[in-house]
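Here the structure is laid out as structure tokens; the discussion comes afterwards.
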Amino acid sequence: MHIKKGDQVEVITGKELNKGKRGEVIKVFPKENRVVVQGINIQTKHQRQVQSEGKTINPGIVKLEGPIDASNVMVVCKKCNRPTRISISREGDKAVRVCKRCGGLID
Ligand SMILES: [Zn+2]
């Protein structure tokens, strides 16, 4: 997968709600080809009501980012500040990711 934790990405397709939004990748699931992006695809989870020593603890609402398909996002190039396709190029024995628009390094 060409996306790494810490990358800035823009949602280019998928749910209307998330489209065009940018955020930092906080988790990647390479096997599932999915990523979790900060502030994108927020899912509200209701916590169950808990009984404790005769008291009822109010159920809370937890907001958490849900994973989205990695193919729905594009990495934002730091140099040209646009979502871009990436090509892999070699620098010595190291593979680096390069912006296809401007040739700038992504890493
Ligand atoms: Zn660029």
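The values are calculated or read from the model by the stated rules, or taken from the named source; none is laboratory data. Bear in mind the structure is a predicted one, so any value in this text is a computation, not a measurement. Virtual Cβ from ideal backbone geometry, glycine too; neighbours counted across all protein chains shown. Each accessible area value is taken on the protein alone, full model and side chains, heavy atoms only, with ligands, DNA and RNA left out. Shrake-Rupley method; radii C 1.70, N 1.55, O 1.52, S 1.80 Å.
Here are the numbers for the structure shown:
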{"read-out": "Among (1) touching a residue at least 40 places away in the same chain (Cβ under 8 Å); (2) not in a loop (DSSP other than H, G, I, E, B), the one test that residue 14 misses", "value": "(2)"}
{"read-out": "Identity of the residue in segment 75-107, in a strand (DSSP E or B) and open to solvent by 90 Å² or more (accessible area, probe 1.4 Å), that ends up nearest to the ligand (Cβ to nearest atom)", "value": "88"}
{"read-out": "Which numbered condition residue 59 fails, given (1) open to solvent by less than 60 Å² (accessible area, probe 1.4 Å); (2) at pLDDT below 80; (3) touching a Lys or Arg at 6+ places or on another chain (Cβ under 9 Å)", "value": "(1)"}
{"read-out": "Filter result for the condition that a residue is away from the ligand (no atom under 16 Å from the Cβ), surrounded by 11 or more Cβ atoms within 10 Å (Cβ to Cβ), not in a strand (DSSP E or B) and not aromatic (Phe, Trp, Tyr), over 40, 26", "value": "40"}
{"read-out": "Test result for residue 51, within 16 Å of the ligand (Cβ to nearest atom) and either of a type in the set (S, T, N, Q) or open to solvent by less than 90 Å² (accessible area, probe 1.4 Å) (or both)", "value": "no"}
{"read-out": "Matching residues in segment 9-23 - criterion: being closer than 11 Å to residue 73 by Cα and open to solvent by 90 Å² or more (accessible area, probe 1.4 Å)", "value": "22"}
{"read-out": "Residue 72 being within 15 Å of residue 24 (Cα to Cα) and more than 13 Å from the ligand (Cβ to nearest atom)", "value": "yes"}
{"read-out": "Top-ranked residue in segment 54-69 [being under 23 Å from residue 23 (Cβ atoms) and part of a loop (DSSP other than H, G, I, E, B); ranked as nearest to the ligand (Cβ to nearest atom)]", "value": "67"}
{"read-out": "Residue 32 open to solvent by 80 Å² or more (accessible area, probe 1.4 Å) and within 26 Å of residue 77 (Cβ to Cβ)", "value": "yes"}
